[in-house]
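The values are calculated or read from the model by the stated rules, or taken from the named source; none is laboratory data. From a predicted model like this one, the values you see are computed outputs, not experimental measurements. Note that we place each Cβ from the backbone using ideal geometry, even for glycine, and neighbour counts take in every protein chain shown. Just so you know, the surface numbers come from the protein's heavy atoms only, side chains and all, with ligands and any DNA or RNA stripped out. Shrake-Rupley method; radii C 1.70, N 1.55, O 1.52, S 1.80 Å.
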Amino acid sequence: DVLVAVVVVVRGRRSPAVGKALAETAGRDKMPISGMAGLDTAQLHIKPFYLTDIIGLPVNMPVVFLKWFRGQFKEPRKPRIGLIYADAPYAKAVADELPKWTQKLDIELLPPVAGPVNMTDASVEIQNVMKGNPDFVWIHYVAGPTAVVMKDTVRLGVKDKTQWGTFGFGGYDPAVFQTVAAGAADGIYTSLLHALVTETDKPGIKLATDI
């Protein structure tokens with residue numbers, strides 16, 4: 001299985017130099033990049049701007065991807081974004097806050113679709129979100145239910161009809177996701193939430209440690 005990890009995270013003390021380096025990397029490589037904490041957004045307005053601090057608010061997790069996706073979208077219309085989220089406070093916070101961000105980013109947000117926390121079958125949720133013909137679907141669930149959603153996109157024949165993204169399963173629990181999702185893991189966008197300073201093969205790590 002291949003997971004598309006397109007977010008680099010630097011975790012540590014507040015550092016203007018690190019923040020600037022991260023923003024420059026985002027602008028040069030056109031990658032979504034997240035900061036764990038302590039980044040001054042006033043320093044980070046380098047275009048295209050894909051850097052978001054994921055600690056402050058839960059909605060920051062999908063926003064970093066939406067900024068990136070909006071920059072990649074070439075059609076002469078607003079991109080349509082779908083949201084499948086857990087019926088739980090951590091995910092409801094995203095559903096509540098996301099509309100103001102999609103408005104700022106000139107994105108059409110389709111009606112958000114809530115599902116049970118312990119998702120075992122995502123057929124209804126997937127069918128509902130696909131009614132809007134989304135260009136990108138954000139899944140705000142933890143690893144196990146996200147894997148269920150992706151397996152069901154394959155079963156229902158819709159996995160390749162849009163793009164899919166989620167927060168942090170690659171960093172939090174990749175083993176659970178890959179075990180449950182099997183081949184359905186291929187191609188989903190996620191974030192790399194943890195990297196050691198020795199993992200210089202990860203994009204951006206060597207740059208940050210050299211400062």
Looking only at residues that are at pLDDT below 90 and not hydrophobic (A, V, I, L, M, F, W, C) in region 152-173, which one is surrounded by the most Cβ atoms within 10 Å (Cβ to Cβ)?
T166
Can you pull out every residue in region 52-98 that is farther than 13 Å from H140 by Cα, at pLDDT 90 or above and acidic (D, E)?
E75
By residue number, the members of region 98-107 that are more than 17 Å from the chain's Cα centre (by Cα) and either over 14 Å from V59 (Cα atoms) or of a type outside the set (K, R) (or both) are Q103, D106
Pairs with Cβ under 9 Å, 6+ apart, first in region 75-101 and without any contact (Cβ under 8 Å) to a residue 12 or more places away in the chain and more than 23 Å from P116 (Cβ to Cβ), second among the β-branched types (V, I, T) and open to solvent by 60 Å² or more (accessible area, probe 1.4 Å)
none
Going by the structure shown, is V129 at pLDDT 90 or above, open to solvent by 50 Å² or more (accessible area, probe 1.4 Å) and not in a loop (DSSP other than H, G, I, E, B)?
no
Looking at V176, V142, V197, V149, which one is at pLDDT 70 or above and open to solvent by 20 Å² or more (accessible area, probe 1.4 Å)?
V142
